[in-house]
1. Report in % the part of the accessible area of the range 246-300 that belongs to carbon and sulfur, leaving out ligands and nucleic acids; probe 1.4 Å.
2. How big is the accessible area of Val15 in square angstrom, nearest 10, if you roll a 1.4 angstrom probe over the protein chains?
3. Tell me, what is the percent relative contact order of the range 298-392, built from C-alpha pairs under 8 Å that lie six or more residues apart?
4. Can you work out the FRET efficiency for the pair Ser33 and Ile350, with r the C-beta to C-beta distance and R0 = 60 Å, to the nearest 0.05?
5. If you roll a 1.4 angstrom probe over the protein chains with everything in place, what fraction of the accessible area of the range 156-220 belongs to carbon and sulfur, to the nearest %?
6. Compare Leu133, Leu26 by solvent-accessible area with a 1.4 Å probe and give them largest first, with all protein chains kept in place.
7. Counting other Cβ atoms within 10 Å, keep those with at most 11, restrict to DSSP loop, and tell me which trypsin sites (Lys or Arg not before Pro) in the range 259-308 are left.
8. Any idea which of Phe259, Ile193, Leu156 is furthest toward the positive side of the dipole for the range 124-279, if Lys and Arg beta-carbons carry +1 and Asp and Glu beta-carbons -1?
Amino acid sequence: MPCVGTLKVATFQVVLASSVQRSFILLNYGNISKLGQTWLAGYDTVDSANSFTIKVSNASELSSSSNTNVNGRSTFPVDGSTKVPSNFLPSDDGQAVNSTANDGSSDAISLQQPFKFFGRTYSQIYMNSNGYLTFTKPLPASNSSLNPKRDIIAPLWTQLDSRRGGSISYINKPSSNVLAQVTAAVKQYFPNIPFAAASAFVATWKSVPYNNSGGVVNFQVVLAYNVHRSFVFIYYGDIAETGQPWQAGYSTVDSASSFLVPARSVSELSSSSNIKVTGCWAFQVDGSPKLPDNFIPFGNGEMVTPRLDNGSSEAIILQQPFKYFGRTLNQTFVNNNGLLTFAKPPSDCIPFLNSGRDLIAPLWTHFDNRQGGTISCREDTSSDVLAQVNAAIKQNSPNANFTASSAFVATWDNVPYYDGRGVRSDRYLSSELLLSCEEWKDFNAMCW
């Protein structure tokens, strides 16, 4: 009977980990018997431009080898992408834009909330492979021109061909970390504008080749916004030189607001800036005028009323009950037509005060927020807001023994009159209503 020796065996695993833009290999080793036959561990490419061999003297040593401080594990990035610039927001988990045609575009991307762009409000966006964003429909033109009679944001508009390599992707549902980053960026570079990002849209062109040359480009555009304010950040990584026509900046449908990044060559974008941060440009693009100095500024937790004719908010439960001429009110409705009610929303747009109901009307008339503007509200207990409220009350009622514990702020910002059709800017309203509450005393203030 033949003698059977002990079999020499090996236990190992390879993992291919990938996202839209990045790819990694994980090599995991268990028990590897020592052997005398030829062996190799690593990777290679078809052109041998990228290859790696794990250097151990015997295969059994793979079980203790590592490049990650974990015995028996080696990890390698293998997508071939250039290093993501440090000024870019994370984009690995983005949705790919896979264009099968030159000068292609994404389908309509529904934004998480409306984006204000120089007075116009958009709920969707298109990402074009040639380096720009549009809002109403895709723009297939390959010739760069920031005067296309439409609203456009172009971090780098030139002829690109993602079919040859690189990746184009977007993130439309950012993480809380991303929102915190863009909020911090706005506060740093626009310190006089109160802002907290409610949403962000991140579009990234990574290692995308030019159409007619071997160079590639890396850039990213970030839309950071809430119901009142919108900002655009453009980040540039490595940008290869090209002889193609190119432009970078933004423009509007009426050309009333436009900007071209002043760089003599496309490669200079990587070192250019308007905020003293290399390769970064920042712009406020909502087009809204600054709130008057006598207003309470916008803050966190703003709720927006529906864009409906004669519309109203749902019942808003007040954290601090509001005393109103002997009655204690626990809820309110913010009506688009310029008034607050407490029992139910009004159904009429014709103002009359002897209506047999409690109401506060800073300006009751027929407004149409479907045409533009924003109507929003919040209840605020922050120390800064309460300090402003207390100062206003004491200035107008110096003998009142009052310290606010809560403030309900409703703001009508640039809301058109119903019959104005948004034609004349002097027919737009900016007004604010403030309810301030102490446990036993309540005041209201109206600002125009």
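1. Carbon and sulfur atoms account for 50 percent of the accessible area of the range 246-300.
2. Accessible area of Val15: about 50 Å².
3. On the way: 150 pairs, mean separation 28.3, N = 95.
For the range 298-392, the relative contact order is 30 percent.
4. Taking R0 as 60 Å, the efficiency between Ser33 and Ile350 is 0.10.
5. Its accessible area is 48 percent carbon and sulfur atoms.
6. Greatest to least solvent exposure: Leu26, Leu133.
7. Loop-located and lightly packed - Arg264, Lys276, Lys290.
8. Highest projection toward the positive end goes to Ile193.
The values are calculated or read from the model by the stated rules, or taken from the named source; none is laboratory data. Because the structure is a prediction, the values reported are computed rather than measured. For neighbour counting, all protein chains shown are included, and Cβ atoms are generated from backbone atoms with ideal geometry for every residue, glycine included. Protein only, heavy atoms only, side chains kept; ligands, DNA and RNA dropped before computing areas. Shrake-Rupley method; radii C 1.70, N 1.55, O 1.52, S 1.80 Å.
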